[in-house]
1. Criterion first (part of a helix (DSSP H, G or I) and at pLDDT 90 or above) does H329 satisfy it?
2. Could you list, in sequence order, the residues of the stretch 49-58 that are touching a residue at least 24 places away in the same chain (Cβ under 8 Å) and not in a loop (DSSP other than H, G, I, E, B)?
3. Report, by residue number, each residue of the stretch 249-286 that is small (G, A, S), out of contact with any Phe, Trp or Tyr (no Cβ under 9 Å at 6 or more places or on another chain) and surrounded by 23 or more Cβ atoms within 10 Å (Cβ to Cβ).
4. Would you pick out the residues in the stretch 190-225 that are open to solvent by less than 20 Å² (accessible area, probe 1.4 Å), farther than 17 Å from N250 by Cα and over 11 Å from the mean Cα position of the chain (by Cα)?
5. Name the residue that is nearest to S141 (Cα to Cα), counting only residues in the stretch 62-86 that are at pLDDT 95 or above and aliphatic (A, V, I, L, M).
6. Find the residue count for the stretch 62-89, including only residues that are surrounded by 12 or more Cβ atoms within 10 Å (Cβ to Cβ) and not in a loop (DSSP other than H, G, I, E, B).
7. Mind listing whichever residues of the stretch 395-414 are over 28 Å from A185 (Cα atoms), in contact with a Gly (Cβ under 8 Å, 6 or more places away or on another chain) and surrounded by 21 or more Cβ atoms within 10 Å (Cβ to Cβ)?
Amino acid sequence: MNRMARPGTRFRLFPEYASGFAEPETVTVSPAAGTVGYGPSDAAMYVVNPVLKTEPYSPPGFMPPWQGRQFAPAAPDRAGHFDHIEVEAPQFLAAHLYGTVRRTLDVWEHYLRRPVVWWHVAFLPQIELVPVVTGWSNAHSGPGFIETGMMRNATGREQLLALNFDVVGHETGHAILFSQVGVPAPDQVSSEYLAFHESFSDLIGMIAAMNFASVTQKLLAQTGGNLYAANLVNRLGKLSDREQVRIADNETTMEDVAGLRLEADGNWFDPLGQDRNQHALAEPLTGAIFDIMVDIFQEGLVRRGAIAPDHDARGWTRDAVEASFAELHLQSRRALARFGAEFRSAIDEARDAVGYAMAHAISALEPRTLSFQGVAARLLEAAAAQGLGHMLPDLLDDFLWRGIDPRPLLSIEVVRDPMRRLDRTRHRLRVTGPHIQGRCGCSDPRAFIFARRLMPHSHREETAAMT
């Protein structure tokens with residue numbers, strides 16, 4: 001990603017630790033060399049690397065700062081960089097966790113077009129990053145912290161989640177969303193607010209990972225340009241070649257999660273008795289947004305002449321796509337072999353279109369009234385503002401198929417043109433919401449802690465195995 005290649009501080013990161021990236025890559029994050037201190041640390045975050053921490057933070061009773069023993073901090077070299085640290089050293093975990101959070105922030109501050117200010121800056125100006133909570137199979141974020149544990153995959157291999165870009169990106173996503181969207185009062189926290197948090201946090205991590213050129217190159221090589229094939233991007237929170245936490249390319253609709261809701265006592269009611277919660281409710285929104293990215297990618301390939309209109313599956317039914325999957329996959333691989341540069345350009349364009357659309361939604365949403373309808377409406381309006389007005393019927397269908405109907409809340413008209421006239425007019429967007437650029441919509445800290453407690457992550461102990 002060229003915009004990340006500006007002068008800054010170098011780190012080595014695993015873009016996708018469990019997807020065949022055996023060696024970390026050197027990346028440059030935004031703070032200038034020499035400004036990132038021991039730890040690593042900067043004005044927004046710092047790493048503590050406990051020798052033994054066995055319990056995760058539990059606000060408000062157990063919170064940063066960590067007072068126990070620590071390994072020696074990761075130290076910069078004479079030029080101010082951290083890419084010299086050996087992978088086997090305890091300090092590498094510290095550097096990797098910091099670098100992943102900072103990289104995710106860099107990507108999303110670019111899409112948001114403003115710096116992210118933590119919601120807790122008034123009483124906890126920095127986020128404490130904890131690479132390893134021993135014996136804890138999880139990861140979470142909260143007021144003033146992001147910490148990770150470790151898990152074993154199906155083969156028995158221990159996974160340090162501090163090295164898992166998806167997981168750390170997801171937790172950073174929660175911190176970004178709390179700071180940019182804010183929270184409703186405890187008695188106004190809705191099921192869809194919590195599900196939105198999980199969906200957008202997954203997508204924040206996914207799109208941040210896609211800003212590694214190596215990830216998009218591997219993605220295209222792995223799928224032949226057919227993004228609906230199982231791949232390292234749509235498998236979220238990967239633990240091995242066959243395990244992941246969730247799949248972005250899901251087929252879940254709102255009908256599938258009908259009746260799933262948060263009760264007044266903070267527990268979830270699942271009419272199917274499957275102990276589902278906000279993660280399941282998030283699937284239709286995540287799936288629709290992934291479909292939108294694929295549609296924009298497909299349109300970009302047609303516009304670049306990389307694939308024939310006959311092989312553009314936009315507007316096809318799911319049954320039609322499945323019936324033609326083998327042929328579409330073959331044609332896509334053949335086209336990728338001839339038009340590799342066009343495929344890479346189209347995937348970058350689609351990724352950024354979704355990133356900017358999500359950033360607009362993040363800026364415009366009001367936490368007290370947040371709904372999937374409103375999220376979808378803001379995303380479609382942002383797509384039109386980027387010159388994708390000609391695609392709105394296709395993008396609207398992605399939401400309608402999931403059972404999400406944004407039309408009552410749209411401020412623009414979606415006109416179905418059977419000729420698909422390429423009207424790339426850009427519309428002006430007015431962002432109305434609770435936030436002022438560069439600030440967070442902070443409220444009572446107890447409301448944030450209450451909302452975060454309603455987002456349990458025990459699901460990470462039960463990964464979904466690919467079949």
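The values are calculated or read from the model by the stated rules, or taken from the named source; none is laboratory data. Please read these numbers as outputs of a predicted model, since none were measured by experiment. For neighbour counting, all protein chains shown are included, and Cβ atoms are generated from backbone atoms with ideal geometry for every residue, glycine included. Heads up: the accessible areas ignore ligands, DNA and RNA and are worked out on the full protein's heavy atoms, side chains in. Shrake-Rupley method; radii C 1.70, N 1.55, O 1.52, S 1.80 Å.
1. No, not satisfied.
2. Selection gives P50 alone.
3. None - no residue of the stretch 249-286 is small (G, A, S), out of contact with any Phe, Trp or Tyr (no Cβ under 9 Å at 6 or more places or on another chain) and surrounded by 23 or more Cβ atoms within 10 Å (Cβ to Cβ), so the list stays empty.
4. Those that are open to solvent by less than 20 Å² (accessible area, probe 1.4 Å), farther than 17 Å from N250 by Cα and over 11 Å from the mean Cα position of the chain (by Cα): Y193, L194, N211, F212, V215, T216, L219, L220, G224, G225.
5. Applying the filter and picking the extreme gives A74.
6. Qualifying residue count for the region: 2.
7. Scanning the stretch 395-414 gives a single hit, R402.
Yes or no, residue by residue, for (1) open to solvent by 50 Å² or more (accessible area, probe 1.4 Å); (2) assigned to a loop (DSSP other than H, G, I, E, B); (3) farther than 28 Å from A213 by Cα; (4) at pLDDT below 95:
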site	(1), (2), (3), (4)
P60	yes, yes, yes, yes
F92	no, no, no, no
G99	no, no, no, no
Y111	no, no, no, no
L124	no, yes, yes, yes
E128	no, no, yes, no
